[in-house]
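The structure appears right after this line, and notes come after that.
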Amino acid sequence: MKLLPLLLAALLSTSLSALAQTTAPPAPAKPAVALPPQKADVAAEKYGPDGKVNPKFIESHDRFVKQAREGKAQLVFLGDSITAGWGGHKAIWDKAFGAYTPVNFGIGGDRTQHVLWRITHGELEVIKPKAIVLMIGTNNVGGNTPEEIAKGVTVIVKTIQEKQPRAKILLLAVFPRGDKPDGKLGASNEKLIAVNEIIGKLDDGKNVHFLDIGPKFPLVDGALTKEVMPDFLHLSPAGYQIWADAIGPKLAELMQ
């Protein structure tokens, strides 16, 4: 009667095998595609975690190229999400800049290398603006030194001059940013102060005009306010009004 123990052993082995298969951990997810680091002063497209070019970046860029080729705009704003945010404050935008036939070429998340790629791929073609307002660099803070960020801004300015030699450039200091959760000005802002000190030297009093409107944004006990910067980086309507008022006189001068 040795057959019964053998059958029981076989059944037990099969049951344990099936249990192991049902409780085995899932296969690990494929890691995001590792992309080579981008230099702040070398033109580059924006990529997603899948290693492919960000479709929204290209969509916005293509729209800007189309606007540029219409050749109507006299004033161009170049930048990242802070600049793009003007799109949500049309009344302030129209009142402050509407007379200049402006266009907004801001894309959220852009770094210096992305703006550089955009202006070397059609966004400054055909169009003949009188002035270009540039503010870029805050998104580089996490991956670049102040010197690298400033070098990226410098290359952008030089490229604008090459493509639009008649345009006046209003180069804005990168706006202050606060550290969460209280908005205190910390290490990130210290880096931007260093960037602004370098790029301020690009002002030649003729074609490039540097303007630091950072002090216009109020501080309370060394912290930015949510009334002006809700997340201590992007602007509220009050923040955009401060921006418009701060550059208005200089812009009127450059647009003559």
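The values are calculated or read from the model by the stated rules, or taken from the named source; none is laboratory data. Computed from a predicted model, the values in this text were never measured in an experiment. In this analysis, Cβ positions are derived from the backbone assuming ideal geometry, glycine residues included, and neighbour counts consider all displayed protein chains.
Here residue 182 clears all of (1) in a loop (DSSP other than H, G, I, E, B); (2) crowded, with 19+ Cβ neighbours inside 10 Å except the condition numbered (2). With respect to residue 85, determine if the residue is farther than 30 Å from residue 230 by Cβ and modelled with pLDDT of 95 or more. Against the criterion (farther than 30 Å from residue 230 by Cβ and modelled with pLDDT of 95 or more), residue 85 does not qualify.
Condition check ((1) of a type in the set (A, V, I, L, M, F, W, C); (2) farther than 17 Å from residue 62 by Cα) across all residues:
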{"residue": "85", "(1), (2)": "no, yes"}
{"residue": "88", "(1), (2)": "no, yes"}
{"residue": "103", "(1), (2)": "yes, no"}
{"residue": "106", "(1), (2)": "no, no"}
{"residue": "109", "(1), (2)": "no, no"}
{"residue": "119", "(1), (2)": "yes, no"}
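If the condition is being touching a Leu at 6+ places or on another chain (Cβ under 8 Å) and surrounded by 18 or more Cβ atoms within 10 Å (Cβ to Cβ), then the stretch 93-117 contributes 97, 100, 102, 103, 105, 106, 115. Scanning the stretch 232-256 for residues that are in a loop (DSSP other than H, G, I, E, B) and of a type outside the set (A, V, I, L, M) yields a count of 4.
So which residues in the stretch 44-92 are of a type in the set (Asp, Glu) and surrounded by fewer than 19 Cβ atoms within 10 Å (Cβ to Cβ), if there are any at all? Lay out the reasoning, then the answer.
If we filter the stretch 44-92 for residues that are of a type in the set (Asp, Glu), which is where we start, we get 45, 50, 59, 62, 70, 80.
Once the filter is applied, which keeps residues that are of a type in the set (Asp, Glu) and surrounded by fewer than 19 Cβ atoms within 10 Å (Cβ to Cβ), the stretch 44-92 yields 45, 50, 59, 62, 70.
Return yes or no: is residue 227 among the acidic types (Asp, Glu), outside any strand (DSSP E or B) and within 19 Å of residue 146 (Cβ to Cβ)? When the stated conditions are applied, residue 227 does not pass them. Of the set (1) within 17 Å of residue 136 (Cα to Cα); (2) of a type in the set (Val, Ile, Thr); (3) assigned to a loop (DSSP other than H, G, I, E, B), all apply to residue 198 but (3).
Which count do you get for residues in the stretch 169-207 that are among the charged types (D, E, K, R) and under 22 Å from the mean Cα position of the chain (by Cα)? Let's see the steps before the verdict.
Going residue by residue through the stretch 169-207, those that are among the charged types (D, E, K, R) are 177, 179-180, 182, 184, 190-191, 197, 201, 203-204, 206.
From what is left, the residues that are under 22 Å from the mean Cα position of the chain (by Cα) are 177, 179-180, 184, 190-191, 197.
Number satisfying all stated conditions: 7.
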